[in-house]
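The structure under discussion appears below in the form of structure tokens.
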Amino acid sequence: MNFEQPKPDSKKYSDLISEIEKGIIKVPKFQREFVWSIDKTAKLLDSILKGYPIGTFILWRTAERINDIKNIGNLKIPDTPDGDKVQYVLDGQQRITSLFAAYRGAEIQKTGEKKVTDYSSIVVNLDKDINENDDQVITAEPEGGNFIPLSDVLNFTDRMINIQERFSDSDFKKIHAYSRAFDTYDFSTVLLRKEDIDSAIEVFTRINTGGQTLTLFEIMSAKTYDEEQKFDMQTRWEKFIKELKDIKYEGVSSTIILSVLSLVLSHTKECKRKTILALDKQAVIEHWDDVISALKYSIDYFRTTYRIPVSQLLPYDSLLVPFAYFFYTKKDKPSADQRKYLEEFFWRMSLSFRYSSSSESKLAQDIKRIDKILDGERPDYSSDIKV
């Protein structure tokens, strides 16, 4: 059996920046937001200047396109050129974003913050002795005024003449030496060469056991993303939730849409995690709008027929799943018998605490009851539902 092992490698600072600017290195959207403080970024650059190890970057090289972060602060990251393989960052996003922000002197406004962080304010203190483990790279101008912006050091070749005019010969030599330290530093990388997204997500999940665990929705958003068809599950769901907010039904979780998709698309009519992960990407894309329409119809039915004005009054948002399945299958209004059977179904499920636990298996059982209602028949509740 031939297993393709990850490939250890190293990159120079200029390689990392160049590949980010060309759209080769990308940060997938399922990574958490950039949260590092500017002080932590300065500490990272100080460690590099002194030649200390800063950990390994794990990159996934693939021809697949998944939804990625389009910009870092005020810096737009270009699309990957057609035909080129992408290297998605699976581990090291905070570090690699810090390196890019520092190099470009970027202004970054982190999510949920009003303040804009200016990474051009990071400076190198020229009076400190590098051999005494003092912090050379700092975020506040030192006393005495003998310092240089870090971005000038990192872009030394392009700004050399200007730097030479501003500093004494001894300081210029020191700045040049610092620049060489950054240029020659070997950043440790491991390249995951398995093309399939399942392997990449498995690696990401394993290396993030102490941090972020991907939700099923985040995994499915990554797996179903399609540039050509302009399908981004996360963006479309956020748009739907925004619509629901206007009618005070924004408390619907993303697992609802995945459950409905699974029940209408899988041959087994189940919504287990394994079944959802096995859904065909193209089928999800093609049926998305119809499932969203069925959810909208279900919500409207709850509001008008059962007089439930806001989602907070729903006993369980899982109740939307069998109703969305019903309205997905039946394109016109329910008959008088169907309305009666749906109402009985609703109250039996609500009052028996049906979806308080193990809702996946119970939903699969209840879809059989909805199939009965679709056929105009009353379901049997004698075996497992006690009110």
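The values are calculated or read from the model by the stated rules, or taken from the named source; none is laboratory data. Just so it is clear, the structure is predicted and the values come from calculations on it, not from any experiment. When we count neighbours, we look across all protein chains shown, and the Cβ atoms used for this are built from the backbone with ideal geometry, even at glycine. Ligands, DNA and RNA are stripped out before the accessible areas are found, and what is left, the full protein with its side chains, is counted by its heavy atoms. Shrake-Rupley method; radii C 1.70, N 1.55, O 1.52, S 1.80 Å.
Specify whether the C-alpha gyration tensor of segment 243-387 places it in the rounded, prolate or oblate class, a ≥ b ≥ c being the square roots of the eigenvalues: rounded for a/c under 1.5, otherwise prolate if a/b is larger than b/c and oblate if not. It comes out rounded by the Cα gyration axes. Both radii were evaluated on the Cα set of the chain; the Rg over Rh quotient, with Rh as the Kirkwood radius, amounts to 1.12. In this structure, the residue pairs whose Cα-Cα separation is over 32 Å, taken from K248/K272; K230/K272; K26/K331; K12/K114; K40/K248; K22/K296, are K26/K331; K12/K114; K40/K248; K22/K296. Applying 1/(1 + (r/R0)^6) with R0 = 25 Å to the Cβ-Cβ distance of D332 and L244 gives a FRET efficiency near 0.60.
Taking the protein heavy atoms of the chain in the context of the full set of protein chains, the accessible area attributed to carbon and sulfur is 48 percent at 1.4 Å. Of K340, K26, K85, the residue with the greatest mean-square motion in the GNM of the chain, using alpha carbon springs below 10 Å, is K340. Here the 3J(HN,Hα) profile of segment 322-329, calculated from phi with Karplus coefficients 6.51, -1.76 and 1.60 at θ = phi - 60°, is x, 6, 5, 4, 4, 6, 5, 7 Hz, Gly and Pro shown as x.
Per 0.36 nm of contour for each residue apart, how much would the distance between E132 and Q312 grow if the chain were fully extended, relative to their Cα-Cα spacing? Roughly 58.8 nm would be gained on extension. Loop-located GluC sites (Glu not before Pro) across segment 249-339 with a Cβ neighbour count of 15 or fewer within 10 Å are E250, with loop assigned by DSSP. Can you give me the C-alpha center-to-center distance between segment 65-96 and segment 198-255, rounded to a whole angstrom? Answer, in whole Å: 18.
Dividing the Cα radius of gyration of segment 312-351 by 2.2 N^0.38 Å, with N the residue count, gives 1.19. Among the trypsin sites (Lys or Arg not before Pro) found in segment 120-202, those both in a DSSP coil and sparsely packed, with 15 or fewer other Cβ atoms within 10 Å of their Cβ, are R193.
Across segment 183-188, coupling constants 3J(HN,Hα) worked out from phi with the 6.51/-1.76/1.60 Karplus curve, θ = phi - 60°, read 5, 9, 5, 9, 7, 6 Hz, and Gly and Pro carry x.
Listed values for segment 270-275 are Karplus-derived 3J(HN,Hα) couplings in whole Hz (6.51 cos²θ - 1.76 cosθ + 1.60, θ = phi - 60°), namely 10, 10, 5, 3, 4, 5, and x replaces Gly and Pro.
Which of the chymotrypsin sites (Phe, Trp or Tyr not before Pro) found in segment 309-387 are in a DSSP loop and have at most 15 neighbouring Cβ atoms, other than their own, within 10 Å? When the chymotrypsin sites (Phe, Trp or Tyr not before Pro) of segment 309-387 are filtered for loop state and at most 15 Cβ neighbours within 10 Å, Y316, F353, Y381 remain. Only protein heavy atoms count here; under a 1.4 Å probe, K22 has an accessible surface of about 120 Å². When the chain is treated as a GNM with alpha-carbon contacts under 10 Å, the residue of S361, S179, S188 showing the greatest mean-square fluctuation is S361. Given segment 215-258, report the % of alpha carbon pairs whose separation exceeds 11 Å. In whole percent, the share of Cα-Cα pairs in segment 215-258 beyond 11 Å is 67.
Expressed per residue, the C-alpha convex hull volume of segment 42-161 stands at 147 Å³.
The magnitude of the dipole of segment 75-198, with charges of +1 and -1 set on the Cβ of Lys/Arg and Asp/Glu and taken from the Cα centre, is near 200 debye.
Think of a 1.4 Å ball rolled over the protein heavy atoms: the chain then has 51 Å² of accessible area per residue.
A Cβ-based charge dipole, computed about the Cα centre of the chain with Lys and Arg at +1 and Asp and Glu at -1, lands at about 1480 debye. Calculated mean residue ellipticity at 222 nm for the chain: -14500 deg cm²/dmol, from DSSP H runs with n ≥ 4 weighted as -39500 (n - 2.57), summed, divided by the residue count and rounded to 500.
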